[in-house]
Amino acid sequence: MPSVKKNTAMRRRLVSAWISTVISLSLVLLLVGMGSLLLINARAVSDYFKENMQVSVLLKEHVTEGDALAYQDKVAAIPGVRATRFVSREEGVEEMSQMLGKDFLDVFETAPVPISIDVNLEAEYVSSDSLAVIKSVLAESPLVEEVVYQTSLVDALNQNLRKISFALAVLVALLLFISFVLIANTVRLDLFSRRFSIHTMHQVGATRAFIRRPFVGRAAVQGLVAALVAILMLVGGLFILKDEFAQLFQIFTLDSLLQVMGVMVVAGVGICTISTFFVVNRLVGYNRDQLYAY
């Protein structure tokens, strides 16, 4: 009876240690997944910001709405133009009122806000050279008074996005290194509790490959379970953010999410099995005195 209780208690400790190890690995893999998600979607995030930058085409005072709508169709056909939006005088006045206050028109005899067309370009055309070409094409029309966009904003956007992409790459590499160290230490501590069993197997003639096989297989399962738990946490977190940041789901596509899941599974299984392989090899080589020294 006492032996049964002892075995039950030991089994509970092993299960508890296995669960705590899986939770620790899951939290580390969650960080890896978040960093990978940002890195894989860095180009999509960059394109999103670029495609939402507007070029305003201000039309001359005498231009009617009919002429403006006809010109809008011509603008939409220009290579590199992704979308256009017609802004009437009334809409322009409303937008200016929101920015400058409702009384801003009191100093004018007539509304100074012209009809305009907001133009969004494809991401690859949002650069200083391409914008200059498109501006010259738009300005050729006799209906156009001025083409407005912020050159400094374009340059700053391109420079900052490159810096952000580099920083994300460094961050993901650092997270992978940290995850490797943490997971390796977690696996090492777990295996060290079984070092006497490994030593006994070696003493009765078991080969290294025979000793490693069950431990490596168990580590692979442990890494897979930890990766699946981390994936569930990541997906759950994204759905929680869905209502608050709906635009995220315009950027984070299903393909990119599947790639991140693949990275998390490979990282979890790969790091666990590699760490287990080397730790078991080292423990097999320890003599009895070395085992008691730890």
Just the residues that are hydroxyl-bearing (Ser, Thr, Tyr) and either modelled with pLDDT of 85 or more or under 34 Å from the mean Cα position of the chain (by Cα) (or both), please, taken from the stretch 65-111. TYR71, THR84
Cβ-Cβ under 6 Å, sequence separation 6+ or interchain: first residue in the stretch 220-241 and closer than 14 Å to VAL32 by Cβ and part of a helix (DSSP H, G or I), partner open to solvent by less than 70 Å² (accessible area, probe 1.4 Å) and β-branched (Val, Ile, Thr). Which pairs? GLY223/VAL269; ALA226/VAL22; ALA227/VAL265
Restricting to the stretch 38-60, count the residues that are touching a Ser or Thr at 6+ places or on another chain (Cβ under 9 Å) and within 13 Å of SER88 (Cα to Cα). 4
Counting only residues that are open to solvent by 40 Å² or more (accessible area, probe 1.4 Å) and part of a loop (DSSP other than H, G, I, E, B), which one in the stretch 120-142 is farthest from LEU58 (Cα to Cα)? GLU122
Just for the stretch 246-274: of the residues that are small (Gly, Ala, Ser) and at pLDDT 80 or above, which one is farthest from VAL225 (Cα to Cα)? SER256
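The values are calculated or read from the model by the stated rules, or taken from the named source; none is laboratory data. Keep in mind it's a predicted model, so treat the numbers as computed, not measured. Cβ atoms come from the backbone with ideal geometry, glycine included; neighbour counts cover every protein chain shown. Quick note on the areas: whole protein, heavy atoms, side chains included, nothing else; ligands and nucleic acids left out. Shrake-Rupley method; radii C 1.70, N 1.55, O 1.52, S 1.80 Å.
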